[in-house]
Amino acid sequence: MSLYLISGGPGAGKSTLLSALHEAGFAGSEEVSRQLIREQVAGGGALVPWQDLAGFAELALERMIQQHAAAVRRGGITFFDRGLPDLVAYLEAAGLPVGRHYYRALAAHPCHRQALLAPPWPEIYVNDPERWQTLAEATALHQALRRTYQRLGFEVLELPRTTVLGRVAWVRAVLAV
């Protein structure tokens, strides 16, 4: 079983890559943050990152643990659109405390130590209802994510800025999957 994390700042092509990997036959888990934002907005909830990042991170933590458990039960290779290290990075970037339970969750729900990081890509960056950050903010988050993943012991592999199929081929070649 191999569980791989795809990370990077908003709007760098992570979800598009995940979709293409799924089409290539790999299991994938959709970005929890987007799911939760849609749910909170539709239900009139206040646990959205721009109002209550700490509360939102707690919801995301629970959902990411569920995704991890489902992938372990399924077996094989799974690619995740973001992972537990992202929660640590986002909280730190916002100057919020990161509780020990986040680090315990990281230890209890391991993923492959090679993490894929999508770099900022101005040519494809767009805002949408779940992506409110500016390109500058997305770039700063990318840098925070890189630092966090490296500090947590991951080997960060930066995705090339190429076509979606080119990225899929690169992932398959680099990870030998």
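Annotations
- If you take all other residues with their beta carbon under 12 Å from the beta carbon of Ser29, and give Lys and Arg +1 and Asp and Glu -1, the sum is +2.
- As a size descriptor, the averaged projected area of the C-alpha convex hull of the stretch 48-88 was calculated at 3.0 nm².
- With neighbour counts taken as other beta-carbon atoms within 10 Å, the residues Glu31, Glu137, Glu123 rank, fewest first, as Glu123, Glu137, Glu31.
- Positive-end residue, the stretch 2-170 charge dipole about Cα centroid, Cβ charges, pick of Ala140, Gly11, Ala24: Ala24
- Max-minus-min Cα coordinates of the chain on each principal axis give 41, 37, 32 Å, with the largest extent listed first.
- Taking 0.36 nm per residue of separation and subtracting the current Cα-Cα distance, fully stretching the chain between Val164 and Arg100 would add 19.3 nm.
- Residue among His101, His22, His142 with the largest mean-square fluctuation in a Gaussian network model of the chain, springs linking Cα atoms under 10 Å: His101
- With the simple spin-label model, which puts each label point 7 Å out from Cα in the Cβ direction, the Ala108 to Ala69 separation comes to 1.0 nm.
- Dipole of the stretch 63-177 computed with +1 at Lys/Arg Cβ and -1 at Asp/Glu Cβ about the Cα centre; of Gly83, His112, Thr163, farthest Cα towards the positive end is His112.
- Computed about the Cα centre, the dipole magnitude for the chain is approximately 520 debye when only Lys and Arg (+1) and Asp and Glu (-1) carry charge, each at its Cβ.
- Dividing the mean sequence gap of close Cα pairs (under 8 Å, 6+ apart) by how many residues the chain holds gives a relative contact order of 35 percent.
Readers should treat all values here as calculations from the given coordinates under stated rules, not as data from a laboratory. Not measured: the values here are computed from a predicted model. Cβ: placed from backbone, ideal geometry, glycine included. Neighbour counts: every protein chain shown.
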